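Peer 1: Before we start, here is the structure in question, set down as structure tokens.
The values are calculated or read from the model by the stated rules, or taken from the named source; none is laboratory data. Just so we're clear, the structure is a prediction, and the values are computed from it rather than from any experiment. As a convention, Cβ positions derive from the backbone with ideal geometry for all residues, glycine included, and neighbour counts pool all protein chains shown. The protein model used for the area step is the full one, side chains on, heavy atoms only, and it has no ligands, DNA or RNA in it. Shrake-Rupley method; radii C 1.70, N 1.55, O 1.52, S 1.80 Å.
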Amino acid sequence: MREHEIGSDGLGRREVMRMLTASGMAAAGSGWLAGPALAQAPKRGGTIRAAGYSSSTADTVDPAKQTLSTDYVRCNMFYNTLTALDGNLAPQPELAASIESDRATVWTIKLRKGVTFHDGKALTAADVVYSLSRHNDPKVGSIAKPLAAQMVEIKATAPDEVQITLSSPNADFPVVLGTFHFHIIKEGTTDFTTAIGTGPYKCKEFTPGVRTIGVRNANYWKPGKPYLDEIEFFGIPDETARVNALLAGDIHIAGGITPRSTRLIKAQPGLAVFETPAGVYTDLITRLDAPVSGNLDFALAMKYLQDREQMRDAIWQGFAVIGNDHPITPSNRFYNKDIPQRAFDPDRAKFHFQKSGIGATAIPIVVSPAAAGSAEMAVMLQEAGGKIGLNLEVRRVPADGYWANHWLKSAVGYGNINPRPSVDILMSLFFKSDAPWNESAWKDPKFDQLLLAARGEIDFARRKQMYGDMQLMIRDQSGIGIPLFNSYLDGHVTGLKGLAPIPVGGMMGFNFAENVWLDA
Amino acid sequence: MRRLSPISMAALAVVVAWALAAVLAPWIAPFPPGRIVTRDSLADLSFRFPLGTDYLGRDMLSRVLFGARYTLGIAALSTSLACLMGVTLGLTAAARGGWFDMAASRILDAMISVPSLLAALVVVSSLGSSIPVLIAVAAVIYTPGAYRLSRAIAVNINAMDFVAVARARGEGTLYLIAAEILPNMILPVLTDFGLRFVFVVLLLTGMSFLGLGIQPPNADWGTLVRENVEGLSFGAPAVITPALAIATLTIAVNALIDSVATGRRDDDIR
Amino acid sequence: MNAAMLRLIALRLALGALTLFIVAALVFTATELLPGDVAEALLGQSATPAAVAGLRAALHLDQPSWWRFCLWLGGLLGGDPGVSLVNRLPVVVLIGNRLPNSLKLASITASVTVPLALLLGITTAMWRGSRYDRMVGMAIIGIVSVPEFLIASLAVLVFAVKLRWLPALAFRAGPQDFWAMMRLLAIPVGTLALVGIGQMSRMTRAALVTVLESSYVEMARLKGAGPLRIVLIHALPNALGPIVNAIALSTSFLLGGVIIVETIFNYPGLAKLMVDAVSTRDLPLVQACAMLFCAAYLALVLVADVVAILSNPRLRQR
């Protein structure tokens, strides 16, 4: 599963400006997650072993290079961001004590006092300036460069105060600061063979492709946290092996399990499944710039061929919500209810398919375990396609190297996109004409204009109207088919307490390390 | 021809039954193998689905029957090809000797030294997985083994008196091969064929495990085991049946060979 | 040891070197044939013609392939197989990280497999045709015909998940005492041993049976030698050649052929490294791994040949 960034508007209860500039900050220092799991008093001590779902020599502790969920989990052990999204996806202060803005363009951030790095150095405004500015340095090669580009000026106005000027107003900026890539590192850090941050654990060992070990940071600025003495974190790419390791008692938590493994885990006493409903989706990609298959009619035919109910039940065992071929979940406050739900419709599919003029030519469709459920979805499309004369050829490739070698390169294939903290970020990364991850190579200047206008729009109704129009454009004009939004599922031992869903991603929004404790 | 023992009769029956299943699959399978026929996945045996259903709710009986086509078909074709190429090269090398023998032996020796699964992996992942590619890859991988065996036998026979007599009569190389050498090596080559057949089935299974075998929705037996392997813990028929199918086929082929030939076999799995 | 035997061994060595050269050519050609230009694959969507040309030059791809083959071969002979195209680390370092793991797994498996296989092979050959022989024979066919990954999954399910006697993963970094390591590797070694014992014991039995049915063994039997004495003193030395050959074949398989076990048990070995390299089209790494496996195979076969020559009285006298 591809993991890039954080958050979604999934629950739609967030009011960024209000939360942060007025009352929101008062919550600082008290309980972060007032979930039911916290009803029990946390216990200190213990060591756990945790397994994520990828492992390679490209593993990193450089915040700018994080690409996979395992990178997020690892970096969250060692670093903090200025803000973080909570269970309701409201940004909460972390290293920032307060954030204020002047018309959403000039943002002033006051830093929390008494925070130190693992080597004892105190956190200063210079560290923040360095950590944020480096993303705009092409030599760094930051993944978050598109997000960072809006920060035209980042300067320290006092030892504990940073002022950031944006190129244009962005009401979502506090959410942007909570993006994991904007983890705060020490000024001048260039060597990432180990990690020195302000986070809950100190880096004891980091071996790319093998494992990471963090030991408790006794001087952590959140009182009492973290609860564990040590965490060993590593990747087990094979899902069966990961689940078996959990069942055998080798590990305490296994990230990213399939819906079909849930019954095995639930059946064993002492184990439980942790579900996080979120906006993650596996999408059908028809690249519009490809020869033969690269036309809108073919893309529409494919979208009409998706039997969403069957996919939800057979592949996801019901752990999913039906989508309407655009990336906004029904529970999002910007969701456009007026767009009719696209249904399984072989006749419409046939109409568009015949209009595409492809005929009996075999169209390869590339699938991989890397894009969860893609093989099964493609097989269903193939079966349905056979009935309207569409000859799909399912080509399964290994998970290793899928994102580098096949994703964005295959004419027809699948992607797997994680929730993003805001509609703006999601659309900018995957649908803007010049977005690096414009999966279907769909280019529409009108869409780009709307995106820009919505970003600076403070009026909610007008903004919702714009995002609503954009959803319709994606649904009807892009080459992307989004049949479902599925839940994140993790398996864990019941003795591991403190887990509460953060719809940013699985494993408690990739940040379980500082929140869990062992109840032996 | 001596009479077949009860065990070899049973073995023969199993092989013939699977071969029939492969040939007749389209007519006797109750459902199209790729169609999802129920929402009850990894279901147990039932009247409607005699072998249960797979992880997506497809009929296992139909999938196993169609799986026989791929497993048997690919294994038989590629093993035949491997034997054909190996025997041809081996005979030629034995009969002609000299530089041809030297070159062929060195090159095929070099091929044997590459681990078979990795060699298959490199070729298939670069050419893309399709049935012709799988057949060709398996055939090429198992050619050196067949070559070594047939060359060794041919060289031995070559040195025997009756061949020398024929040569003294002034017979040509082709005649020698056809009339004297070939009939004497049929039995060992057949034995070898059976073993290689088993190895090809296992190679295919390994390829399926790595996701490079037959492409979905089609599936050979190895793929069927792999895709339903999660059902193993509660003994789902979807994982047990194809595994049994592989085991019965390979054991039967082996038992059949044992009864046909009593010669020794000394070969490797590369 | 005499001059004739030394010459024989020298000939084998020369043949081995020749084979290795052919292997190098085969490996190089096979990887060259991989579709898609390496430079384009590396640059992905940012592959402008100028960038591709630049990278091709940097990778020496603009030169004729026979010349690149010479460069590569020269590097290999000098002990430098190049640099990984994916993360720019020297191939030697990447392989060096994994080689000890693979050697550990291979040597432990071999030390379990070889004695057991020899025992089974010798006993079945001694009592060939008996009920014991037939039962072992059937059991071996049965085990060999079950896919390796099924054996491994089943073993994990039984010993790790249900009984909880052993861990499901085979790798835990950091120092471990001997027994902890044995516990970790128990299931993978067991899986590999099951597969290996079948092969090896059948070959041992076949080689022994041939010798046991020869006339001079018959002579020894007529002279009144006991069955154990016949096997150990008269038959075994003569069958040693094929047996050692069988051991060499099975052992070389343990280095590169264990990809399934490495995947299931999350074990960072060489086979997995090569599979990853293939999927990322990291040609120098693929080529180096392939060469390593072939060289290991050839070395083992060479050792087996030498042992056969040394042990065979007839060859010794020739």
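Peer 1: Residues in segment B:97-108 that are facing chain C (nearest Cβ under 7 Å) and open to solvent by 40 Å² or more (accessible area, probe 1.4 Å): how many?
Peer 2: 1
Peer 1: Restricting attention to segment B:234-256, which residues are modelled with pLDDT under 85 and open to solvent by 30 Å² or more (accessible area, probe 1.4 Å)?
Peer 2: B:F234, B:G235, B:I251, B:L256, listed by residue number.
Peer 1: Same structure again: Kindly indicate whether B:A219 is open to solvent by less than 10 Å² (accessible area, probe 1.4 Å), assigned to a loop (DSSP other than H, G, I, E, B), away from chain C (no Cβ under 12 Å) and under 26 Å from C:P147 (Cα atoms).
Peer 2: Answer is yes for this residue.
For (1) open to solvent by less than 40 Å² (accessible area, probe 1.4 Å); (2) touching a residue at least 60 places away in the same chain (Cβ under 8 Å), each residue gets a yes or a no:
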site	(1), (2)
B:A10	no, yes
B:L20	no, no
B:A29	yes, no
B:F47	no, no
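Peer 1: Among the residues of segment A:157-172, count how many are closer than 22 Å to A:I502 by Cα and either charged (D, E, K, R) or modelled with pLDDT of 90 or more (or both). Let's see the steps before the verdict.
Peer 2: So in segment A:157-172, the residues closer than 22 Å to A:I502 by Cα come out as A:171-172.
Now restrict to residues that are either charged (D, E, K, R) or modelled with pLDDT of 90 or more (or both): A:172.
Here the count works out to 1.
Peer 1: In addition: Take B:I153 and tell me if it is open to solvent by less than 40 Å² (accessible area, probe 1.4 Å) and within 24 Å of B:G206 (Cα to Cα).
Peer 2: It is false that B:I153 is open to solvent by less than 40 Å² (accessible area, probe 1.4 Å) and within 24 Å of B:G206 (Cα to Cα).
Peer 1: Suppose we keep only residues that are assigned to a loop (DSSP other than H, G, I, E, B) and touching a strand residue (DSSP E or B) at 6+ places or on another chain (Cβ under 9 Å) within segment A:343-368. Which one would you say is surrounded by the fewest Cβ atoms within 10 Å (Cβ to Cβ)? Don't jump to the end; show me each part of the working.
Peer 2: As a first pass, look at segment A:343-368 and keep what is assigned to a loop (DSSP other than H, G, I, E, B): A:343-345, A:357-362, A:368.
Next, only the ones that are touching a strand residue (DSSP E or B) at 6+ places or on another chain (Cβ under 9 Å) stay: A:362, A:368.
On the way: A:A362: 11, A:S368: 25.
That would be A:A362.
Peer 1: Within segment A:453-471, does at least one residue satisfy the condition of being within 14 Å of chain C (Cβ to nearest Cβ), within 24 Å of A:F298 (Cα to Cα) and not hydroxyl-bearing (S, T, Y)?
Peer 2: Within segment A:453-471, the subset within 14 Å of chain C (Cβ to nearest Cβ) is none.
Checked segment A:453-471: no residue is within 14 Å of chain C (Cβ to nearest Cβ), within 24 Å of A:F298 (Cα to Cα) and not hydroxyl-bearing (S, T, Y).
Peer 1: Working carefully through the options A:A371, A:A375, find the one that is in a helix (DSSP H, G or I), open to solvent by less than 40 Å² (accessible area, probe 1.4 Å), on the phi < 0 side of the Ramachandran plot and not acidic (D, E).
Peer 2: Answer to the selection: A:A375.
Peer 1: Ok, one more. Of C:L94, C:L116, C:L99, which residue is open to solvent by less than 40 Å² (accessible area, probe 1.4 Å), at pLDDT 80 or above and assigned by TED's automatic domain parsing to the domain that holds C:V189?
Peer 2: Only one candidate passes the filter, namely C:L94.
Peer 1: Could I ask something else about it? Out of all the residues in segment B:32-48, which are farther than 22 Å from A:R263 by Cα and either of a type in the set (S, T, N, Q) or in contact with a strand residue (DSSP E or B) (Cβ under 9 Å, 6 or more places away or on another chain) (or both)? First the steps, then the outcome.
Peer 2: So the first thing to find is which residues in segment B:32-48 are farther than 22 Å from A:R263 by Cα, and the list is B:32-35, B:47-48.
Within segment B:32-48, B:P32, B:P33, B:G34, B:R35, B:R48 qualify.
Peer 1: Residue check: is B:L72 in a helix (DSSP H, G or I) and more than 30 Å from B:I177 (Cα to Cα)? Write out each step before concluding.
Peer 2: Working: in a helix (DSSP H, G or I): yes; more than 30 Å from B:I177 (Cα to Cα): yes.
Answer is yes for this residue.
Peer 1: Let me confirm something: among C:V146, C:V156, which residue is buried (at least 20 other Cβ atoms within 10 Å of the Cβ), assigned to a loop (DSSP other than H, G, I, E, B) and within 14 Å of chain B (Cβ to nearest Cβ)?
Peer 2: C:V146
Peer 1: Report the residue count in segment A:430-474 for those that are of a type outside the set (G, A, S), touching a residue at least 40 places away in the same chain (Cβ under 8 Å) and open to solvent by less than 10 Å² (accessible area, probe 1.4 Å).
Peer 2: 7
Peer 1: Then there's this: Is there a residue in segment C:165-179 that is in a helix (DSSP H, G or I), open to solvent by 40 Å² or more (accessible area, probe 1.4 Å), under 24 Å from C:L103 (Cα atoms) and at pLDDT 80 or above?
Peer 2: yes
Peer 1: Just checking, does segment C:117-127 include any residue being farther than 28 Å from B:L203 by Cα and not in a helix (DSSP H, G or I)?
Peer 2: Looking for residues that are farther than 28 Å from B:L203 by Cα and not in a helix (DSSP H, G or I), one finds at least one in segment C:117-127, hence yes.
Peer 1: Just to check your reading of the model, which residue among B:I7, B:I36, B:I74 is of a type in the set (V, I, T) and more than 24 Å from B:E227 (Cα to Cα)?
Peer 2: B:I7
Peer 1: What single numbered condition from (1) crowded, with 23+ Cβ neighbours inside 10 Å; (2) in a loop (DSSP other than H, G, I, E, B) fails to hold for A:N336?
Peer 2: Failing condition for A:N336: (1).
Peer 1: From the list A:D297, A:D289, A:D307, which residue is open to solvent by 10 Å² or more (accessible area, probe 1.4 Å), within 27 Å of A:S356 (Cα to Cα), within 12 Å of another protein chain (Cβ to nearest Cβ) and more than 26 Å from the chain's Cα centre (by Cα)?
Peer 2: Matching residue, one of A:D297, A:D289, A:D307: A:D289.
Peer 1: Of the residues that sit in segment C:257-291 and are within 12 Å of the chain's Cα centre (by Cα) and within 16 Å of C:N97 (Cβ to Cβ), which one is farthest from the other protein chains (Cβ to nearest Cβ)? Walk me through it before giving the result.
Peer 2: Of segment C:257-291, the ones within 12 Å of the chain's Cα centre (by Cα) are C:257-259, C:270-271, C:290.
From what is left, the residues that are within 16 Å of C:N97 (Cβ to Cβ) are C:270-271.
Numbers: C:L270: 10, C:A271: 7 Å.
It comes out as C:L270.
Peer 1: Would you mind finding the one in B:S41, B:S80, B:S62 that is among the polar types (S, T, N, Q) and open to solvent by 20 Å² or more (accessible area, probe 1.4 Å)?
Peer 2: Testing whether each residue is among the polar types (S, T, N, Q) and open to solvent by 20 Å² or more (accessible area, probe 1.4 Å) leaves just B:S80.
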